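For reference, the structure discussed in these notes is given below.
The values are calculated or read from the model by the stated rules, or taken from the named source; none is laboratory data. Just so it is clear, the structure is predicted and the values come from calculations on it, not from any experiment. All Cβ positions, glycine included, derive from the backbone under ideal geometry; neighbour counts span all protein chains shown.
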Amino acid sequence: MSNRNLFARSALAIAIVIAVTGSLVTLSPVPAGAHAIIDLESSDAIVGRTSAMTLEIQHGCISGGGGTMKVVAQFTAPFGEVTPGSLPGWTSAVTTGITTTTGTTTTTAEGQTVTWTTTGAAQPFSTALMIPLTVRWPYRAGAYGIVVSQTCSSPADETVWSTPAQPATAGVPSPPLTPLATVCVLPERLTKSSAWPKRTTQTIERLCSTVR
């Protein structure tokens, strides 16, 4: 099955779940490990605008079932200012640049890195972590991925969520099909309206079929 058809079928399945339940609870259509999910709640990501998002870490690390001690999110150069919200029991820091290490080689790219660290005990494995942020969205419409790493303890483990997934739109979080947290940034003309269902399954499919 092509990525295009998979995207359309996933969007339709999620739309049905929301229509029936009236909520965003239990949206996973297939089994998965821990996931990093973008939830835009009721506000689309619109080019050049600043709005809120929630980064959801669904549970602790897969290997050994350890609790979460640190979360790192990498926002690439197209993103504007990123501001972490208050998260009880955690501290946050925003640094310039994105550093990636592969084997013995370390590279640095433009962008912002946001790091959250616990001030006390680890987040229990079975407890989801809901991280609030305010983000200025890129000035070009399309799908954008945010690579997220999760570090756990007891036992120590790190998981990097970086495989492309369906992007989030208003009321439809990026689902836990594959781990990359992805957002669809829309032009002004595609803001939520009475034509929203058609927009979601057709126009956005074309606009956000490939992660930038």
Seminar exercise, completed: Of the residues in segment 100-138 that are touching a strand residue (DSSP E or B) at 6+ places or on another chain (Cβ under 7 Å) and modelled with pLDDT under 90, the one that is nearest to Pro78 (Cα to Cα) is Thr100
Exercise. Among the residues of segment 114-132 satisfying the criterion of being buried (at least 20 other Cβ atoms within 10 Å of the Cβ) and either in contact with a Gly (Cβ under 9 Å, 6 or more places away or on another chain) or not aromatic (Phe, Trp, Tyr) (or both), which is nearest to Gly67 (Cα to Cα)?
Worked result: Gln123
Seminar exercise, completed: Residue hits (segment 26-43; touching a Gly at 6+ places or on another chain (Cβ under 9 Å), modelled with pLDDT under 90 and on the phi < 0 side of the Ramachandran plot) are Ala34, Ser42
Exercise. Has segment 62-76 got at least one residue that is touching a residue at least 60 places away in the same chain (Cβ under 8 Å), on the phi > 0 side of the Ramachandran plot and either part of a strand (DSSP E or B) or surrounded by fewer than 18 Cβ atoms within 10 Å (Cβ to Cβ) (or both)?
Worked result: yes
Exercise. Among the residues of segment 114-148, how many are aromatic (Phe, Trp, Tyr) and farther than 30 Å from Leu190 by Cβ?
Worked result: 2
Exercise. Only one residue in Ser23, Ser86 is more than 20 Å from Ser162 (Cβ to Cβ), of a type in the set (S, T, N, Q), at pLDDT below 85 and surrounded by fewer than 13 Cβ atoms within 10 Å (Cβ to Cβ), so which one is that?
Worked result: Ser23
Problem set entry | Selection status of Ala141, surrounded by 14 or more Cβ atoms within 10 Å (Cβ to Cβ), under 22 Å from Val211 (Cα atoms) and at pLDDT 90 or above | yes
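Starting from residues that are of a type in the set (A, V, I, L, M, F, W, C) and within 10 Å of the chain's Cα centre (by Cα), keep the ones in segment 153-183 and report whichever is modelled with the lowest pLDDT.
Applying the filter and picking the extreme gives Ala165.
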Exercise. Within the set of pairs 6+ apart or on separate chains, which have a first residue in segment 187-206 that is at pLDDT 75 or above, a second that is small (Gly, Ala, Ser) and part of a loop (DSSP other than H, G, I, E, B), and C-beta atoms under 6 Å apart?
Worked result: Pro187/Ala141
